[in-house]
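Read the structure below first, then the notes.
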Amino acid sequence: MNLPSLEIPAKSDELADWLESQLLGEQLRALVAELMAMHPSDGQQDSLQEVIGGSRADLLDNGLGALSREQMLCLLRQPTLLLDLQECVLVEGGSYWQQKLDGGASRGTQVDKHWRLLEQALTPEPLATVAPRSPWYQRPLWVSLATAAAVLIAVFAGQHLMSPAVQPSIPTWGWSGDDSLANEMPSPDYLRRLAGQAREWFNKRPVDQVALAERIAQFRLGCTRLITSEHPALADEDQQWLRERCQMWARDIDTHLASAESASDADSVLQARAAMDATVNRLADAMEARADAL
Amino acid sequence: MPELESNDLPDADLAALSSQRSNTRETERAVQMFGVLYQRHSGALLMFVVGRSRSSDCDDAVQSVWLKAWQNVNAFRTGSFRAWLFGIARNHLIDEARRKKSVPLAEGASVVHGEHMDPAASLLDEERRQSFSECLEQLTQRERSVVIAIVAGTDYSEVSAQLKIDKNAAYKTMHYARAKLSACMQRKVG
């Protein structure tokens, strides 16, 4: 009977390769059990990070050769850490580990067999959480933008006119957040804050047409808010710069919204999203560059 | 702009597309997207499960984990899909170990009830650990000392010095100990 614990190489230069083959092999559980029998735990154990220390990044990129012999022997003396190490390299490891993983021929056969069984079991049952199409999506672009902008301006310019019971569906992220235009800060910080709020676009990654169009529209509302608001934190020329840029970016955003609304399949939705990503990065970069120049 | 291939999509997008199944066409695409996730992570998941379950249970465990991932893929948003998948696997394996209630041990050993186990400990091969421990006890003191020292990384020169035996004797002791342990484990766990 094969006992993996008795196959530990005596030579240091072979130990790393052998241990890697164990981490990605079929005998790891047996190895851990045998080593536990030889090194009973007294309750005191290092964490994986304590053992591998500063070698972690190198280990994840280049394998166990990054560890010293003593580090590897320490892992073998605390064998449950081998399971932690395996999980660490499988989750965080780079291409070095993925190539090792992909190299197992027998594993490939098993994986293929599992997929054939799994594919049969995946049933076409609709998920309850799939968002239904929103009725507002049916309106022409200018109607939805004008209506939402009117609500937005009414709320920000004359809150006293609205009943406390009214709850407009205004986005609360990006430039539309309640405190997004807080002015009590130096000009560069104000611009950098606006850039950071713009990057909140990336906090959600919609992949369906409705969600993407809605999110672009929300961002576009924030743009309207920037154009129509005062920015006392900025000098006159910087305020003018901001409004002109917002109007220019607004035209790009309108184009992306139209693309999202006319997207015919998932790929075109993702292309529209990618285009919007690029615009958001461009405008945030511009704000940060302006802040750096002040 | 070049058309995006599914193999180029990040895991978060594939997961989101896998959760869109409001009609047959969408479901077919969802299966296709999920298949890409499967291709990327199946090898790693298999190794994770192999390291934490009996070999006879691995196939069922892997299938169960992927089915749970399919059923809950709409819950995955950001971060590492593989770490999320391993979380599902870990919980499944622990639940299975608890469900079994007891861990079969070698003859003469006490039964450990799964429900009182530390969750992580329930994934360890307690049967093999117990059996190996008993087999070690059946070695002579010298054999046991040589085996433990060699496995701990001590070289034969140092072992022979510690035990006050010559190096050839240390090699022979390890050779006989290995054979005895192998035979003993074969009897206990097959």
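The values are calculated or read from the model by the stated rules, or taken from the named source; none is laboratory data. Just so it is clear, the structure is predicted and the values come from calculations on it, not from any experiment. Heads up, the Cβs are rebuilt from the backbone with ideal geometry, glycines too, and the neighbour counts pull from every protein chain shown. In case anyone asks, the SASA skips ligands and DNA or RNA and just uses the protein heavy atoms, side chains included. Shrake-Rupley method; radii C 1.70, N 1.55, O 1.52, S 1.80 Å.
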- Helix-only [θ] at 222 nm, chain B, -39500 (n - 2.57) per DSSP H run of 4+, per residue, nearest 500, equals -22000 deg cm²/dmol
- Item | Cut-off 11 Å between beta-carbons: net charge of the residues surrounding A:F202, Lys and Arg +1, Asp and Glu -1 | +3
- Protection proxy (average C-beta count within 10 Å per residue), highest first, orders A:260-269, B:40-49 as B:40-49, A:260-269
- Item | Computed label-point distance, nm, for sites A:S41 and A:A57 using a 7 Å Cα→Cβ extension | 3.1
- Selected from B:G79, B:G51, B:G87 as most flexible by GNM, with chain B as the system and alpha-carbon contacts under 10 Å: B:G79
- Message: By the 4.7 Å beta carbon criterion, which cysteine residues of chain B come out unpaired?
- Response: B:C58
- Message: Taking 37 °C and 0.692 mPa s as the conditions, I'd like the Stokes-Einstein D for region A:173-294 in µm²/s, using the Kirkwood hydrodynamic radius from alpha carbon pairs.
- Response: 225
- Note on the structure: In this structure, among A:K100/B:K68; A:K100/B:K167; B:K100/B:K188; A:K204/B:K68; A:K11/A:K113, pairs with alpha-carbon gaps over 29 Å are A:K100/B:K167; A:K11/A:K113
- With all protein chains present and a 1.4 Å probe, the order of B:R54, B:R77 from largest accessible area down is B:R77, B:R54
- Note on the structure: Note on region B:28-94: C-alpha Rg/Rh, Kirkwood Rh, two decimals, gives 0.95
- What average count of beta carbons from other chains do you get within 10 Å of the Cβ of residues in A:57-69? 0
- Item | Accessible heavy-atom area order of A:D58, A:D254, A:D236, highest first, probe of 1.4 Å | A:D236, A:D58, A:D254
- Message: I'm a student and want to see the number: the projected area of the Cα convex hull of region A:1-74, averaged over all directions, in nm².
- Response: 5.4
- For region A:1-97, accessible area per residue (1.4 Å probe, heavy atoms of protein chains only), Å²: 41
- Contact surface A-B: accessible area buried, both sides summed, square angstrom, 1.4 angstrom probe: 5600
